[in-house]
Amino acid sequence: MNIPVVTVGESTGELVTGLERLRGPVTVVRRCSELTELLAACQSGLARAAILAHESGEISGSMVARLAESEVAVVVLVDDPDVRLRLDGLGVRHVSSTVGASELATAVEESVHALKLNSRSGSTKDYAATEDALTELKAAEDHQVPKDPSQRGTVTAVWGPYGAPGRTTLAVNFAAELAASGVSVLLIDADTYGSAVAASLGLLDETAGLAHACRLADQGSLDSSSLDRVSTEVAIGGGHLRVLTGITRPDRWAELRGSAFRRVIEEARGLVEHVVIDSSFCLEADEELSFDTMAPRRNGATLVALECADTILAIGTADSIGMPRLVRALSQLTHAVPTASPRVLFNRVRASAVGRSPERQLREAWERFGPQHEIDAFLPSDEAAADASLLAGSVLLESAPDSPLRNAIAAVAGTGASRSRRGSRSTRRAK
């Protein structure tokens, strides 16, 4: 099997000469002068592997992920132990700059083989192509790797069409109900158009916890300890809720790169029992940027959240405008994430908008539209409780524990609506 390779960096010079003398399957097809030239060559389909000297530029998780999407494996020449540790965190194969040509060729072959197995398995995990990693990958391909799902947290994504159907209200209170029941929860604000989780919880500090976590993930330095450190802890109803606050301005959306966000979600699964993601509405693939596979995607965070979610709560408003929007949005969801099987919820259910017996009216109208998903729950219109909660910067179980809306969300969470003590204001621990 011939493996065309592109290289960049001064320290690759002698090694390239050695690879050419080997006359083996690893063949250098281009020596690039800078990292951008190498990226362009890889995206054109010229190579199957890239050899990078560390001094050629910063190697990020986003860059490695984009090269993997172009089916290009990466091997880095580096001697600095700190950089080696960071590359291990990114799952990138690295060797010493003084390595022999035959050893480098072997490393390239192993990296290409690991990338191929990883693509076949559909795994989102990055593997450094060491012997242990290759053994794990081969075992996974043969269905021999034991998995313990109980050690991984559950991910719930709250999503719905444009028009403010109540995504944030549902996400915040759904997470709060789980936290109050004793479940460890991390609430992530991944809305790149209008993040509002921090304001809903009365968090006034201008920090973008998720953007910080994504930067750490992109650098290969994100772990459970750092993820806990950049999150904010909120005490709710006798429980504790961790929160990764969203971007402070919509124009900061580029900081939430999809590959980095995927790493954040995977790390969060190991930190808490339940991850709740408040996502944006838009599922468009940014076609105007499709010519540049290295460009960030504004909707990348939303698509990653829906792809990683074990459960999707699809919420729409219960009126003549909200229902058609939700029908169209569910069709788009099926196209964007074919594996999605959302739970459909209608919010602001009231007789004044749909007629007498609103739940029956909504079910009949829903059947006429003919969607493949049944309605899972109805959230009653309860503007007084919602307004009181937002004004107080708290959740419904604290500000309106007996409200019909709170009871309905608790039922969706499967926790039951236990009463919260009056005056148990949330306390925040800034990190």
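The values are calculated or read from the model by the stated rules, or taken from the named source; none is laboratory data. All figures in this text were calculated on a predicted structure; none of them were measured in a lab. Cβ: placed from backbone, ideal geometry, glycine included. Neighbour counts: every protein chain shown. Just so you know, the surface numbers come from the protein's heavy atoms only, side chains and all, with ligands and any DNA or RNA stripped out. Shrake-Rupley method; radii C 1.70, N 1.55, O 1.52, S 1.80 Å.
For this structure, a couple of remarks:
- Alpha-carbon centroid distance for the pair the stretch 234-280 / the stretch 331-374, whole angstrom: 27
- The length gained on full extension between Glu58 and Arg229, counted as 0.36 nm times the residue separation minus their Cα-Cα distance, comes to 59.1 nm.
- Cβ-Cβ FRET estimate between Thr98 and Ala392, R0 fixed at 60 Å, reported to 0.05: 0.45
- GNM flexibility winner over the chain from Val395, Val172, Val337 (Cα, springs under 10 Å): Val337
- Per-residue ellipticity at 222 nm, computed for the chain from helices alone with -39500 (n - 2.57) per DSSP H run of at least four residues, works out to -12500 deg cm²/dmol.
- Trypsin sites (Lys or Arg not before Pro) lying in DSSP loop within the stretch 1-52, provided at most 16 other Cβ fall within 10 Å: Arg23
- DSSP assigns beta bridges within the chain; of those with both partners inside it, close to 15 percent run antiparallel.
- Nearest-20 debye value, the chain charge dipole, Cβ charges on Lys, Arg, Asp, Glu: 1300
- Gain upon complete extension [Glu34, Ser357; 0.36 nm per residue less C-alpha separation]: 109.6 nm
- A Förster distance of 30 Å, applied to the separation of the beta-carbon atoms of Arg350 and Arg328, puts the FRET efficiency at 0.85.
- If both residues of a DSSP beta bridge must be in the stretch 257-384, then about 0% of such bridges are antiparallel.
- Accessible area per residue in Å² at 1.4 Å probe, computed on the chain: 46
- Among the GluC sites (Glu not before Pro) found in the stretch 354-413, those both in a DSSP coil and sparsely packed, with 11 or fewer other Cβ atoms within 10 Å of their Cβ, are Glu374.
- Under the simplified labelling scheme, the Gln219-Leu204 pair shows an inter-label distance of 3.0 nm, with each label point 7 Å from Cα along Cα→Cβ.
- Rg over Rh, two decimals, the chain (C-alpha only, Kirkwood Rh): 1.04
- Atom-type composition of the exposed protein surface of the chain places 48 percent of the accessible area on carbon and sulfur (1.4 angstrom probe).
- Scanning the chain for chymotrypsin sites (Phe, Trp or Tyr not before Pro) lying in DSSP loops with no more than 16 further Cβ atoms inside 10 Å, the longest uninterrupted stretch between such sites is 1-161.
- Estimated distance in nm for a label pair at Ala164 and Asp88, the labels positioned 7 Å out from Cα along Cα-to-Cβ: 5.0
- In nm, spacing of pseudo-spin labels at Asp310 and Ala365 (7 Å Cα→C-beta vector): 3.4
- Annotation for the stretch 23-87: GluC sites (Glu not before Pro) lying in DSSP loop with at most 12 further Cβ atoms inside 10 Å of their Cβ are Glu34, Glu58.
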